[in-house]
Each structure stands twice: as structure tokens, then as C-alpha cells.
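Structure first, commentary second.
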Amino acid sequence: MIDLRSDTVTKPTPEMLKFMTEAEVGDDVFASDPTVNAFEKKMAEMFGMEAGLFVPSGTMSNQLCVAVLTQPGDEIIIDDLGHIFNYESGAAAHLSSVQIRPIKGERGKINREQAESAIRTYNDWDPHTRVIAVENTTNKGGGACYTKEELIELSNLADEHGLYFHLDGARIWNAMTATGIDPEFFGSVADTISICFSKGLGAPVGSMMLASKDHIKKARRLRKMWGGGMRQVGLLAAAADYAVENHFPLMTKDHQRAKQLAEAVSENPKFRIDLNTVESNIVIFDTVDEAAVDVLKEFEEKGVVMIPFGPKTIRATFHFQVDDQDLKKVLDVVRNY
Ligand SMILES: Cc1ncc(COP(=O)(O)O)c(C=O)c1O
């Protein structure tokens with residue numbers, strides 16, 4: 001089965017597993033796992049941030065950022081397709097007692113004007129706007145990437161209003177691959193960044209919060225409080241490090257394959273797609289007449305799985321464990337539908 005449901009479906013390679021078993025480990029709750037410490041330092045330096053904190057998931061990483069940046073009663077501005085708003089089980093309300101202000105952007109991206117119009121005044125009865133949060137690339141928005149200029153405008157807006165700027169970079173690797181933007185740039189515009197190693201890069205587990213030393217100190221305690229303190233977790237940091245070194249460079253191919261699929265989709269009159277929307281590894285397209293689930297059932301019978309993304313919408317996501325031979329099969333299935 002060729003699995004295009006998500007870029008999280010990858011399995012650790014034998015080389016990654018070997019690298020993991022060779023990692024030097026210690027107790028990370030005592031901050032004495034050398035592999036974790038070195039990897040946190042490496043990622044913080046890569047993104048030009050003061051410090052990093054290795055955590056089990058992108059959700060925990062995003063939510064630690066929310067928690068250290070806010071007070072109860074605060075509000076976070078985010079695109080209405082944002083992961084923090086849609087897919088984190090209401091955690092910002094539950095864990096940090098803050099509310100989210102979803103605003104309508106474009107394919108998961110918001111611009112300065114849209115964000116500015118959502119900033120509140122500071123009356124006693126207002127939720128206090130505290131954070132502008134963006135996602136890069138956008139998940140529900142179909143892998144769209146921010147330009148440097150768009151991020152600078154949002155970051156400046158946050159500065160002008162005394163707000164924090166959070167970047168959910170679960171797929172920052174795809175954003176860097178698609179735009180050529182250096183990692184340090186993201187550190188220069190954001191107060192907190194969440195990066196993932198288990199989406200597209202192929203690590204079995206692992207995300208990292210990047211921020212100032214002070215924010216990481218607070219997050220470290222919360223991570224323990226939330227049950228995310230891990231012991232000999234250098235094994236997993238090693239997998240993440242291996243993924244960054246060895247799988248990140250493969251993403252260019254994923255993006256090329258996504259474009260090839262989009263072209264095949266555009267040539268079949270039973271489907272509809274705007275080719276300009278395919279910027280990275282995600283392809284979102286519509287069916288003209290049939291229900292997405294019916295189309296997907298037939299795709300699955302022919303050995304290809306994707307996911308429904310609406311009644312007449314389908315999403316396919318590429319990762320390094322889909323090769324050219326797999327792509328050929330996917331293209332045949334789509335062309336001959
Ligand atoms: C943009 C984005 N942020 C955060 C997450 C959460 O990551 P996790 O599933 O590791 O909690 C995801 C997961 O797909 C995501 O796509």
C-alpha cells in the first residue's frame with residue numbers, strides 16, 4: 001500500500017535504528033542526557049534561538065509556548081485553519097486558560113492587516129491580545145509557505161503592540177526546502193518556535209520548543225508537570241538528529257513528486273485543482289461529482305491511500321518513503337480513475 005495519508009506515517013529506517021542504539025544516554029529529567037543536551041543546543045543554534053527543549057509531540061511543544069507566553073484571560077490571534085485552534089483538543093483553554101481568536105486568512109496564512117484588525121483594546125472586559133501565532137508550512141492550508149516579508153510584517157506588528165510572535169514550525173523543514181529561507185531567519189522574527197522531527201523527516205517521536213533561556217526554563221518545569229519529563233530519551237533525540245541530517249535533504253524530491261501528482265490530477269476532468277496551491281509536500285484537490293470517500297475507496301482498492309479533507313476534497317501528503325516507483329503507481333491510479 002502506498003501511504004499518502006500524512007507525512008507522519010514513515011517508519012524508522014534500519015540506519016536510523018542503528019544510530020539510535022549507539023546514542024550515549026543519561027537521565028534527561030536531571031538534564032544529564034548528553035545526546036539530548038547536544039541536540040537541543042544544535043537546534044537552538046541552527047534557528048538562532050537561545051535554547052531548546054526536546055518534547056514528545058508538536059502539540060506539547062505548541063502548548064508549552066502558549067503557556068509561557070500568556071496569562072489566564074489572554075487571547076491568541078491565529079488563522080482559522082491553524083493547528084492550535086483546530087487539532088489540539090482545546091488545550092490552550094484547558095492548560096493555559098486562554099482563548100483563541102481565529103481569523104479568516106488565505107490557505108492557513110494571515111497577513112498584517114488581518115492580524116491588526118483582531119488586536120483588542122485593553123479594557124477590563126476585553127480578553128487581552130497577547131500572541132500572534134502562525135503556522136509554516138500550513139497543514140490544513142495545504143502546505144502554503146510564508147515569505148520572509150510576510151513574516152517580518154507580522155513580527156513587526158507584534159513588536160509594535162507589545163505582543164509575542166509564535167511560529168508553529170511543525171513543517172518548517174518543508175518551508176525551508178520550498179523557499180530557501182535560512183533557519184536563523186525564523187529565530188530572528190519569532191519569540192517561540194515549535195519544530196517537529198516526526199513529520200516528513202521520519203523520526204518516530206519528537207518535537208522541540210525553541211525560545212529564550214527564560215521561556216525554556218519555565219517550559220521545562222511545565223513539561224515535567226504535564227508528564228512529559230523523559231529519562232534516557234537520547235535514543236529518540238538521536239533518531240531526530242539522524243532525521244535532520246539524512247532525511248531533510250530528501251524533501252526537495254517530495255515537493256517535486258507532489259507537483260507531479262497535482263499535474264496528473266489537473267489533467268483528469270473528474271478532479272479539480274489549482275496548481276498554484278501546491279507549494280510543498282501537500283496536495284489538496286476536489287472531486288467534481290463524487291464523494292471524496294467513494295473516490296478514496298477505489299484508490300485504496302488499487303493500492304493507494306489518501307485522506308478525505310471535506311465531503312468533496314482529498315489530501316495527499318508526500319514523504320521520503322514514497323519513491324519514484326510508488327509515484328508512478330499513484331499517477332496511474334489518478335489518471336485512470
Ligand atoms: C502544523 C502542526 N502543528 C502541530 C502538530 C502537532 O503535532 P503532534 O501530532 O506531534 O502533536 C501538527 C501535527 O500534524 C501539525 O501539523
Query raised in the report: Out of V205, V134, V189, which single residue is β-branched (V, I, T) and more than 12 Å from the ligand (Cβ to nearest atom)?
Result: V189
Report summary line: Of the residues in the range 47-93, those that are at positive phi and either within 11 Å of the ligand (Cβ to nearest atom) or buried (at least 18 other Cβ atoms within 10 Å of the Cβ) (or both) number 1
Query - Matching residues in the range 311-337 - criterion: being touching a helix residue (DSSP H, G or I) at 6+ places or on another chain (Cβ under 7 Å), within 20 Å of G142 (Cα to Cα) and either in the same structural domain as L201 (by TED's automatic domain parsing) or not in a loop (DSSP other than H, G, I, E, B) (or both) - result: T313, I314, A316, L327, V330, L331, V334
Report task. Considering only residues that are among the basic types (K, R) and in a strand (DSSP E or B), look in the range 100-132 and name the one that is surrounded by the most Cβ atoms within 10 Å (Cβ to Cβ). Result -> K109
Query raised in the report: Going through the range 187-215 one residue at a time, which ones are touching a strand residue (DSSP E or B) at 6+ places or on another chain (Cβ under 6 Å) and either over 15 Å from A239 (Cβ atoms) or of a type in the set (F, W, Y) (or both)?
Result: A190, D191, T192, I193, S194, M209, L210, A211, K213
**Report entry** Residues that are open to solvent by 10 Å² or more (accessible area, probe 1.4 Å) and either aliphatic (A, V, I, L, M) or touching a strand residue (DSSP E or B) at 6+ places or on another chain (Cβ under 8 Å) (or both), drawn from the range 311-320
**Finding:** K312, T313, R315
Report task. List every residue pair whose Cβ atoms lie under 7 Å apart, where the two residues are 6 or more positions apart in sequence or sit on different chains, the first residue falls within the range 129-152 and is within 21 Å of V98 (Cβ to Cβ), and the second residue, located anywhere, is assigned to a loop (DSSP other than H, G, I, E, B) and polar (S, T, N, Q). Result -> R130/T70; V131/T70
Query raised in the report: Given the residues E301, E245, E267, which is the only one that is of a type outside the set (V, I, T), more than 20 Å from I2 (Cβ to Cβ) and open to solvent by 70 Å² or more (accessible area, probe 1.4 Å)?
Result: E245
Query raised in the report: In the range 29-46, which residue that is buried (at least 22 other Cβ atoms within 10 Å of the Cβ) and over 28 Å from T138 (Cβ atoms) is nearest to the ligand (Cβ to nearest atom)?
Result: V36
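The values are calculated or read from the model by the stated rules, or taken from the named source; none is laboratory data. Owing to the predicted nature of the structure, the values given are computational and were not obtained by experimental measurement. Ideal geometry is used to build each Cβ from the backbone, glycine not excepted, and the neighbour counts take in all protein chains shown. Protein only, heavy atoms only, side chains kept; ligands, DNA and RNA dropped before computing areas. Shrake-Rupley method; radii C 1.70, N 1.55, O 1.52, S 1.80 Å.
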